[in-house]
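Take a look at the structure set out below.
The values are calculated or read from the model by the stated rules, or taken from the named source; none is laboratory data. Treat the numbers as computed from the prediction; the structure is a model and nothing was measured. Glycine also receives a Cβ, built like all others from the backbone with ideal geometry; neighbour counts cover every protein chain displayed.
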Amino acid sequence: MAEQLIDKYIIFQRAVELAHHRSWQSFSIIELATSLNCSMTDIKGYFRSKDDIAELFFDRADEAMLSMTSANSYFTLSVDERLLECIMCWFQTLAPDKNLIREILTYKLELGHFHLQAHSITRISRTVQWFLEASGRKHKGICKTADEIAVTSAYLASFRFFLLDQSEGHKNTRTLLKQLIRKISRTQDWVSRLHYRVS
């Protein structure tokens, strides 16, 4: 039984502190438990593995992105501007721990970690669905599928760029993402005009 009150956020924050001191892979669950003056069973009550702890980085990014939609000014933006701000908010939430995010993703992509890679695909799809919902993209049918694929591609391309971006405020990432979103809109407009002419 833990000798101090803990919850998943306290566990996560201590894991991040230990990882910044060395690296994400360097600390063990037993070290984490010892530093919190609790048992490994206590930690297991919140997380099934260290990989589950790492997932909280992305859960927090999802939550921060969705929270920004509560601002009154948010819905004065265009749909494309909302998508841009949603994805950038998601990135900025991860920014303080970007070195750990790179390490975690590198580990997930190592040969043999198929279960982690399968989970990552689900995670990407879920996050993109939140981007689409939060930005108010209203496509239907095949257009919705095409839009989801395009937004996923833009998100992943800009995420990879963001992880290495050293520009102030990640302005270079914002510029790239803005260009990618503009390209999606131009393509969709062209397809719509073509469909109108054919029909």
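Every residue in segment 69-100 that is under 18 Å from Arg137 (Cα atoms), at pLDDT 95 or above and crowded, with 17+ Cβ neighbours inside 10 Å, please.
Arg82, Leu83, Leu84, Glu85, Cys86, Ile87, Met88, Cys89, Trp90
Regarding Leu111, is this residue hydrophobic (A, V, I, L, M, F, W, C) and without any contact (Cβ under 8 Å) to a residue 24 or more places away in the chain? Let's see the steps before the verdict.
Details: hydrophobic (A, V, I, L, M, F, W, C): yes; without any contact (Cβ under 8 Å) to a residue 24 or more places away in the chain: yes.
Here the answer is yes, as Leu111 does meet what is asked.
Considering only segment 17-56, state which residues are of a type in the set (Phe, Trp, Tyr) and crowded, with 17+ Cβ neighbours inside 10 Å. Show your work before the answer.
Quick first cut of segment 17-56, residues of a type in the set (Phe, Trp, Tyr) only: 24, 27, 46-47.
Result: Trp24, Phe27, Phe47.
What are the pairs with Cβ atoms under 9 angstrom where one residue, in segment 161-174, is in the same structural domain as Ala95 (by TED's automatic domain parsing) and the other, located anywhere, is in a loop (DSSP other than H, G, I, E, B) and hydroxyl-bearing (Ser, Thr, Tyr)? Sequence gap at least six, or different chains.
Thr173/Ser167; Arg174/Ser167
Is it true that some residue in segment 13-27 is within 15 Å of the chain's Cα centre (by Cα) and either modelled with pLDDT of 95 or more or not in a helix (DSSP H, G or I) (or both)? Before you say what the answer is, go through the steps one by one.
Start the filter on segment 13-27 by keeping residues that are within 15 Å of the chain's Cα centre (by Cα), which leaves none.
No: segment 13-27 contains no residue that is within 15 Å of the chain's Cα centre (by Cα) and either modelled with pLDDT of 95 or more or not in a helix (DSSP H, G or I) (or both).
Within the set of pairs 6 or more residues apart or between chains, which connect a residue that is assigned by TED's automatic domain parsing to the domain that holds Arg126 and under 15 Å from Trp24 (Cα atoms) inside segment 53-71 to a residue that is acidic (Asp, Glu) and crowded, with 16+ Cβ neighbours inside 10 Å with Cβ atoms less than 8 Å apart?
Note: pairs meeting the criteria are Phe57/Asp97.
Among what's in segment 133-165 and is over 17 Å from the mean Cα position of the chain (by Cα) and assigned to a loop (DSSP other than H, G, I, E, B), pick the residue that is surrounded by the fewest Cβ atoms within 10 Å (Cβ to Cβ). Spell out the reasoning first.
Our first condition is that a residue be over 17 Å from the mean Cα position of the chain (by Cα); within segment 133-165, this holds for 136-147.
The next check asks that each one be assigned to a loop (DSSP other than H, G, I, E, B); those that pass are 136-140.
Values: Gly136: 14, Arg137: 19, Lys138: 10, His139: 13, Lys140: 8.
If we take residues in segment 133-165 being over 17 Å from the mean Cα position of the chain (by Cα) and assigned to a loop (DSSP other than H, G, I, E, B), then Lys140 is surrounded by the fewest Cβ atoms within 10 Å (Cβ to Cβ).
Keeping to segment 50-91, report how many residues are in contact with a helix residue (DSSP H, G or I) (Cβ under 8 Å, 6 or more places away or on another chain) and not in a helix (DSSP H, G or I).
Going through segment 50-91 one residue at a time, the tally reaches 1.
Only one of Glu110, Glu103, Glu168 is under 23 Å from Leu56 (Cα atoms), among the acidic types (Asp, Glu) and surrounded by fewer than 14 Cβ atoms within 10 Å (Cβ to Cβ); which? Talk me through it step by step, then tell me what you get.
Details: Glu103 fails: surrounded by fewer than 14 Cβ atoms within 10 Å (Cβ to Cβ); Glu168 fails: under 23 Å from Leu56 (Cα atoms).
Checking each option against the conditions leaves just Glu110.
Go through the residues of segment 66-80 one by one and say whether even a single one is among the polar types (S, T, N, Q) and within 29 Å of Ile6 (Cα to Cα).
Quick first cut of segment 66-80, residues among the polar types (S, T, N, Q) only: 67, 69-70, 72-73, 76, 78.
Filter again for within 29 Å of Ile6 (Cα to Cα), leaving 67.
The answer is yes; a qualifying residue exists.
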